[in-house]
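This report concerns only the one structure given below.
The values are calculated or read from the model by the stated rules, or taken from the named source; none is laboratory data. Not measured: the values here are computed from a predicted model. Cβ sites come from the backbone with ideal geometry, for glycine too, and all protein chains shown count toward neighbours.
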Amino acid sequence: MRFLRWYCSEAYTTEIEGDLAELFDEWYALHGLRAARWRYILHVLLFVRLYNCRFLDSRSSQPYVPMISHNLKVIQRSFVKNKTFSLINMLGLAMGLGGSLLILLWVMDEYAVDRFHENTDQLYVVNTRSYHQGNVGGGPGTPYYLGKEMTAAFPEVQAATGWAPWLGAEPETFSVDDKTYKMAGNRARPEFFSMFSFPLLEGDPATALAAPNSIAISRQMAEVFFGSPEAALGQVLRHDNRQDVTVQAVFENVPAQSTLQFDFLMHWDAWVEEDPIRQLPDAFHVRTVIQLDEQADPDLVEAKITDFLDTYIGFNEEEFDVELTLQPFAEQYLVSGFEDGVPSGGRIVYVRLFGSIALFILLIACINFMNLSTASYQNRAKEVAVRKVTGASRWELISYFVTEAAVFACLGIGVALGLVWLMLPLFNDLTGKALVLPFSDPVFVSVLGSLLVMTGLLAGSYPALILSNIRPIKALKGTFRFGVSATRFRRTLVVVQFSISIMLIVSTLVISNQVQYFQSKNLGFEREHLVYMPLEGELIPDYLVFKERLKDMPGIKMVDRSSQAPHAMTFNTGAMHWEGKDPETLVFGFTPTSVGYDFVDIMGLEIVQGRDFSAEFASDANNFIVNERAVEIMGFEDPIGKQVGIFGKSGEIVGVVKDYHFNSMHNAILPMAIDIKEDLHFGTILIRTEAGKLNEALASMEDVAQAVNPAMPFAYSFSDQEYEQMYRNEQVMMRLSHAFAFMAIFISCLGLLGLAAFSVEQRVKEVGIRKVLGASVSSIVALFSKEFVMLVGLAIGVAVPLSYVLMDQWLNRYAYAIDLTWMFFAVAAAAALGITLLTVSAQALKAAFKNPVDSLRTE
Amino acid sequence: MRGTSIGEFEELCLLAVGITGQDAYGVSIKKELERRTGRSITISTVHSTLARLEKKGFVTSRMGGATQARGGRAKRLFELTAYGKHVINRTRDIRNAMWHDIPKLIWQ
């Protein structure tokens with residue numbers, strides 16, 4: 001029968017029901033109760049026909065249009081009447097929307113990286129998967145020759161190029177006439193410009209990198225050296241003061257959304273020829289990007305290339321094997337990590353994390369909005385009752401509330417957009433991006449639109465459903481109260497809000513601590529007062545001269561050199577051999593470092609076995625020092641005196657140095673082999689300055705540098721600064737999570753404030769009576785607080801285990817991480833409780849101080 | 001007014017309303033139809049047909065006569081309009097004329 005009433009328009013209900021009642025009696029008499037019931041149901045269903053359908057009733061759908069303008073007027077009036085309340089509500093919503101929008105922009109930008117190339121779908125990066133004694137490992141490093149060989153061997157590989165990721169951080173010197181500048185760039189194969197979409201301003205993609213001495217430069221570089229791109233074409237630049245290159249093309253400056261960043265490109269093969277190490281079959285140092293034919297199936301191609309390397313390196317298949325795998329080029333920015341040999345994790349973890357945070361914040365804001373609106377409607381029960389009495393249908397009421405929520409949502413989004421526009425510069429600074437509000441992007445606009453609709457519907461539906469159900473009589477009498485289920489729902493919402501906020505607080509605390517840990521952890525070497533200078537130009541052959549002159553200058557304590565910058569020795573290889581090592585296997589991760597004699601001293605390292613290098617031992621030119629980890633891997637009991645070799649040089653181990661962090665703390669400490677090579681044509685000069693005498697030291701350095709290497713500008717960097725750069729990701733994360741936690745707390749507070757105020761107002765009379773009966777102020781405050789404290793307690797109970805699991809997972813990604821102590825959770829819980837108590841008692845106090853006469857007087 | 005043709009069931013309903021007279025409402029009409037035609041009629045069909053007939057102007061209705069058996073709910077009572085009567089007659093005339101003109105031979 002209820003079904004009938006729902007479906008049927010009221011004009012027909014009575015007679016149909018009556019007829020069915022008569023028939024029911026007959027059926028009951030004739031066929032018994034069960035049959036009668038069945039027939040009844042059947043006939044009700046048969047009555048679902050068009051003629052009596054209430055939804056097609058033309059009567060009630062007509063006044064809809066004029067109702068809109070009326071609704072809007074009423075909404076405007078109600079807004080003005082509760083100005084503070086409405087403002088708070090809208091502000092909370094706007095903040096939540098704004099925060100989510102910011103994150104959304106960031107996420108959208110992350111996903112757009114590297115996807116602007118025309119051939120995106122055909123571009124793949126080649127990774128390796130290595131099997132070693134049962135362990136599977138994956139890596140991005142491939143041999144230098146791979147691109148060329150693959151295009152020759154596989155018809156599906158249309159084009160290929162290599163890429164040397166470290167070159168972006170090592171600017172090279174160029175000069176024209178009297179202009180000398182350092183620019184950062186890379187090397188590429190001739191087909192580079194047809195693979196990637198970097199538009200050329202001058203020159204032709206086919207010839208840009210065809211000749212071995214050709215160079216393609218960016219607009220910026222062209223303007224700096226030649227004044228304009230047109231003038232640059234065909235000109236000659238002197239590179240590193242040792243070779244001349246001709247500008248064959250000028251390209252537009254590389255956009256920020258490309259992971260491949262460069263101001264110039266030179267010929268790949270010519271570069272490989274320069275250094276025999278680059279021609280080694282097992283030098284897995286560079287990335288290789290290939291372009292497949294349009295019709296080629298990437299899976300098939302991957303299967304074909306898997307064992308390609310076997311033809312170049314003879315591995316013992318059981319002990320060790322290296323396979324090639326493909327990964328779409330656009331993906332390698334986000335999915336940059338490796339797990340079990342397969343690309344997984346990396347930046348995408350952060351992206352997903354932030355995406356979820358954005359959703360959470362949005363959720364909190366919406367919940368808040370719903371809660372607060374609903375609470376306020378209690379006061380408007382009379383209004384709703386009057387509407388009902390004057391003939392508003394349930395549908396009309398619902399549509400009114402949804403409209404009101406939609407208007408709020410609109411205003412909220414407007415304010416949110418304004419907030420975002422204001423915060424964008426700050427946000428860009430924080431994240432190192434250049435985000436804008438892309439109003440022209442259809443995706444963005446549609447997302448905004450759907451946000452609006454969703455929020456409006458969500459927030460408006462709940463109060464609408466409740467309120468349209470009230471009995472007018474009760475409401476007009478003034479005894480209207482929300483049912484128990486409504487209050488319970490609202491309470492659950494508060495619990496959810498606070499759980500999310502607590503989780504965010506815990507995350508913030510943990511992340512901050514972890515970042516601080518990184519920054520302050522003892523690296524095992526002295527980070528401060530250490531300056532780097534790149535080895536280039538005349539400094540290469542005249543290094544020893546430079547060292548002699550500089551080390552006695554004011555402010556300088558020690559000078560030495562290293563083949564890689566000490567804090568970021570990312571270059572590692574498997575080409576290490578030692579006594580007793582199985583010649584068929586390759587152990588990756590050996591970090592070779594070629595240094596001067598004073599390296600151990602200058603770095604402040606500790607020798608735990610054997611001795612340091614010394615110029616007094618002539619044989620030391622061929623000897624090695626290894627670190628503790630290396631000893632572990634090589635399996636020597638007494639390493640001193642054992643024979644080891646790398647890159648064609650072999651000698652004895654003379655000392656073992658204590659493990660120190662020469663790489664990011666994301667990774668465990670790798671084995672390291674140090675040897676002496678003071679004539680290596682690349683590397684970094686290390687200069688230890690005396691404490692407090694930095695300016696003098698820099699002046700000294702500049703003097704000597706200009707004397708020895710006048711053709712090039714003086715360049716230097718600080719070790720501790722460089723080190724901090726490595727953790728930029730984490731720093732960004734930390735600041736962002738600070739901001740978001742704050743936002744979440746703020747919004748939750750607003751919600752709590754509203755609820756507390758509301759709850760207090762409801763019980764004004766009760767408070768008055770209690771005061772009259774002698775209750776003290778504190779007992780009244782306690783009365784109200786108890787309820788909310790319980791809610792927060794529940795939230796804590798939910799949030800703590802969840803956040804523990806999440807944070808534990810996150811910390812496990814780091815080889816060196818802080819402990820997840822209970823302190824974090826305690827602080828978060830205390831904060832939440834504290835805030836709750838503060839907010840609630842503020843409201844409760846207000847009520848407690850009210851004169852009972854006033855509160856009891858109202859009817 | 002155009003559209004004075006009515007379907008078979010509609011015609012039967014109209015006739016039933018005429019027969020039942022004073023107490024012509026859903027159930028009574030249904031019973032009359034069942035008695036006369038010998039087929040079982042669903043009450044919802046009767047209701048929807050009558051509503052349609054009312055819209056076409058052949059019958060009018062009023063509410064009245066609540067009884068205990070109906071749980072106190074009123075009945076919708078139907079009555080033929082002049083137009084309705086006209087339509088019944090017209091239909092009958094057409095039928096009869098056609099019936100007459102069938103050659104006697106068919107009936108042998």
Item checked: Out of A:Ile277, A:Ile305, sole residue that is surrounded by fewer than 20 Cβ atoms within 10 Å (Cβ to Cβ) and within 21 Å of A:Pro143 (Cα to Cα) -> A:Ile277
Notebook entry, point to check: Are there any pairs, at least 6 apart or on different chains, whose C-beta atoms fall under 9 Å, with the first in the range A:4-23 and at the interface with another protein chain (Cβ under 8 Å from one of its Cβ atoms) and the second among the polar types (S, T, N, Q), and if so, which?
Noted result: A:Tyr12/A:Asn52; A:Glu15/B:Ser61; A:Ile16/A:Asn52; A:Ile16/B:Ser44; A:Gly18/B:Thr67; A:Glu22/B:Thr67
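Tell me the residue from A:Val272, A:Val224, A:Val254 that is aliphatic (A, V, I, L, M), part of a helix (DSSP H, G or I) and within 18 Å of A:Trp163 (Cβ to Cβ), please. Before you say what the answer is, go through the steps one by one.
Working: A:Val224 fails: within 18 Å of A:Trp163 (Cβ to Cβ); A:Val254 fails: part of a helix (DSSP H, G or I).
Unique residue meeting the criteria: A:Val272.
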Check: Condition test on B:Lys31, is it within 12 Å of chain A (Cβ to nearest Cβ), over 21 Å from B:Ile6 (Cβ atoms) and free of Cβ contacts under 8 Å to residues at least 12 places away in the same chain?
Finding: yes
Check: Looking at (1) hydrophobic (A, V, I, L, M, F, W, C); (2) touching a residue at least 40 places away in the same chain (Cβ under 8 Å); (3) more than 7 Å from every other protein chain (Cβ to nearest Cβ), can you tell me which one A:Trp27 breaks?
Finding: (2)
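Give A:Ala169, A:Ala153 a once-over and let me know the one that is surrounded by fewer than 23 Cβ atoms within 10 Å (Cβ to Cβ), free of Cβ contacts under 8 Å to residues at least 24 places away in the same chain and of a type in the set (A, V, I, L, M).
Values: A:Ala153 fails: free of Cβ contacts under 8 Å to residues at least 24 places away in the same chain.
Answer to the selection: A:Ala169.
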Check: Could you list, in sequence order, the residues of the range A:151-182 that are part of a strand (DSSP E or B) and within 26 Å of A:Glu230 (Cβ to Cβ)?
Finding: A:Glu172, A:Thr173, A:Phe174, A:Ser175, A:Val176, A:Lys179, A:Thr180, A:Tyr181, A:Lys182
Notebook entry, point to check: Considering only residues of the range A:789-844 that are under 23 Å from the mean Cα position of the chain (by Cα) and among the aromatic types (Phe, Trp, Tyr), which is surrounded by the most Cβ atoms within 10 Å (Cβ to Cβ)?
Noted result: A:Phe824
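Would you mind stating whether B:Ala24 is closer than 16 Å to A:Ala11 by Cα, surrounded by 15 or more Cβ atoms within 10 Å (Cβ to Cβ) and either within 14 Å of chain A (Cβ to nearest Cβ) or touching a residue at least 12 places away in the same chain (Cβ under 8 Å) (or both)? Even if it seems obvious, please write down each step before you answer.
Values: closer than 16 Å to A:Ala11 by Cα: no; surrounded by 15 or more Cβ atoms within 10 Å (Cβ to Cβ): yes; either within 14 Å of chain A (Cβ to nearest Cβ) or touching a residue at least 12 places away in the same chain (Cβ under 8 Å) (or both): yes.
So B:Ala24 fails the test.
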Notebook entry, point to check: Looking at (1) over 30 Å from A:His661 (Cα atoms); (2) part of a loop (DSSP other than H, G, I, E, B); (3) in contact (Cβ under 8 Å) with a residue 60 or more places away in the chain, can you tell me which one A:Leu820 breaks?
Noted result: (1)
Check: If a residue has to be in contact with a Phe, Trp or Tyr (Cβ under 9 Å, 6 or more places away or on another chain) and exposed (fewer than 15 other Cβ atoms within 10 Å of the Cβ) to count, how many in the range B:28-41 make the cut?
Finding: 0
Notebook entry, point to check: Would the range B:34-44 turn up any residue that is more than 14 Å from chain A (Cβ to nearest Cβ), among the acidic types (Asp, Glu) and assigned to a helix (DSSP H, G or I)?
Noted result: no
Check: Would a scan of the range A:86-102 turn up a residue that is modelled with pLDDT of 80 or more and within 13 Å of chain B (Cβ to nearest Cβ)?
Finding: no
Check: Restricting attention to the range B:62-108, and to residues there that are buried (at least 18 other Cβ atoms within 10 Å of the Cβ) and within 14 Å of another protein chain (Cβ to nearest Cβ), which single residue is nearest to B:Ser5 (Cα to Cα)?
Finding: B:Phe78
Item checked: Hey, B:Glu8 surrounded by fewer than 17 Cβ atoms within 10 Å (Cβ to Cβ), more than 14 Å from chain A (Cβ to nearest Cβ) and closer than 19 Å to A:Asp19 by Cβ or not -> no
Next item on the list: Considering each of B:Gly65, B:Gly18 in turn, give the residue that is in contact with a helix residue (DSSP H, G or I) (Cβ under 8 Å, 6 or more places away or on another chain), in contact (Cβ under 8 Å) with a residue 12 or more places away in the chain, small (Gly, Ala, Ser) and under 15 Å from B:Ile88 (Cα atoms).
Entry: B:Gly18
Check: Just wondering, is there one or more residues in the range B:52-60 that are within 14 Å of another protein chain (Cβ to nearest Cβ), exposed (fewer than 15 other Cβ atoms within 10 Å of the Cβ) and assigned to a helix (DSSP H, G or I)?
Finding: yes
Next item on the list: Please verify whether the range A:183-193 includes one or more residues that are of a type in the set (Lys, Arg), at pLDDT 85 or above and either part of a strand (DSSP E or B) or crowded, with 20+ Cβ neighbours inside 10 Å (or both).
Entry: yes
Check: List the pairs whose first member sits in the range A:345-357 and is within 19 Å of A:Gly98 (Cβ to Cβ), whose second member is in a helix (DSSP H, G or I), and whose Cβ atoms are under 6 Å apart, counting only residues at least 6 apart or on separate chains?
Finding: A:Phe354/A:Ile103; A:Gly355/A:Val107; A:Ile357/A:Phe740
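Looking at the range A:612-699, what strands (runs of 3 or more DSSP E) fall wholly within it and have at least 2 residues that are within 41 Å of the chain's Cα centre (by Cα)?
Values: elements: A:624-627, A:643-646, A:649-657, A:672-676, A:684-689.
Result: A:624-627, A:649-657, A:672-676, A:684-689.
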Note to self: Restricting to the range A:215-241, count the residues that are without any contact (Cβ under 8 Å) to a residue 40 or more places away in the chain and loosely packed, with under 15 Cβ neighbours inside 10 Å.
What the structure shows: 4
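Go through the residues of the range A:39-52 one by one and say whether even a single one is away from every other protein chain (no Cβ under 11 Å) and either at pLDDT 75 or above or out of contact with any Asp or Glu (no Cβ under 9 Å at 6 or more places or on another chain) (or both). Before you say what the answer is, go through the steps one by one.
Start the filter on the range A:39-52 by keeping residues that are away from every other protein chain (no Cβ under 11 Å), which leaves A:41.
Narrowing the set further to residues that are either at pLDDT 75 or above or out of contact with any Asp or Glu (no Cβ under 9 Å at 6 or more places or on another chain) (or both) leaves A:41.
Looking through the range A:39-52, at least one residue is away from every other protein chain (no Cβ under 11 Å) and either at pLDDT 75 or above or out of contact with any Asp or Glu (no Cβ under 9 Å at 6 or more places or on another chain) (or both).
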